[in-house]
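Readers should treat all values here as calculations from the given coordinates under stated rules, not as data from a laboratory. Keep in mind that this is a model prediction, so the values were computed, not measured. Quick reminder, even Gly has a Cβ in these numbers, built from the backbone with ideal geometry, and neighbours come from all protein chains shown.
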Amino acid sequence: VHYGNDGFGDVSPRFGAGRSSMSVSDENLAELFEQYKDEVRETIECLDNELVAIEQDPASSELIFSLFRHMHSLKGSSKMFNVDNIAHIAHRLEDLMSMIDKNNSILVSHPKIIDSLFKGNDIFRGIISQLEQDIGLTLLTAEHSAFIEELQAQIDKINRRDGQLIEAARKLLEDLEH
């Protein structure tokens, strides 16, 4: 699948260069892409509700796993349609939610993560809105890259903290053994 630009601002899904009319396959692809955008919009709404709920109960395993699943689904469906910006952001948010799923106290000790999840959802909303105007807006922007870097910094901070806690526990065990 190639998203071609005819030079006049019309960016549409195409299977091959030089085609002027849509074939049945192109129509099916366009319909599938519309379904994808509808599913992303529904996921954004679910995320809005679940993020409000997790603010109230940041240790909820059920909500944490649901957020993880939503990010995983967004990543996969976005990769399938080459919507790289959503795919990359969802991937990094999925990594973060995976860490939180393994230790649900992380959200309690790092409440700013919830702000990042809301920000990610707002970015998804903006991307889908832009895709209504121009199907070609699927690449990462500087803003998207900066957000991914913020998420990676949070992940690194959590990993460092966990590493420090593990090292402190090892030292404590060694001291107790002697």
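Were the residues from Leu137 through Ser25 laid out at 0.36 nm apart, the gain over their Cα-Cα distance would be 38.1 nm. Partner aspartates and glutamates whose Cα lies under 14 Å from the Cα of Lys102, excluding those fewer than 8 positions away in the same chain, are identified as Glu62, Glu94, Asp162. The protection proxy used here, the mean number of other Cβ atoms lying within 10 Å of each residue, ranks peptides 108-119, 76-87 as follows, highest first: 76-87, 108-119. Calculated FRET efficiency, Ser105 to Gln130, Cβ-Cβ distance, R0 = 41 Å: about 0.65 to the nearest 0.05. Judged by the gyration tensor of its Cα atoms, with axes a ≥ b ≥ c, segment 68-132 is oblate; a/c meets the 1.5 cut and b/c is at least as large as a/b.
Between Ile155 and Glu42, full extension at 0.36 nm per residue minus the direct alpha carbon distance yields a gain of 38.0 nm. If R0 is taken as 45 Å, the Cβ-Cβ distance between Glu34 and Asp175 corresponds to a FRET efficiency of 0.10. Here r is the Cβ-Cβ distance between Phe65 and Lys112 and R0 is 30 Å; the resulting FRET efficiency, rounded to 0.05, is 0.90.
Charge tally for Tyr36 (other residues, Cβ to Cβ under 14 Å; Lys, Arg +1; Asp, Glu -1): -3.
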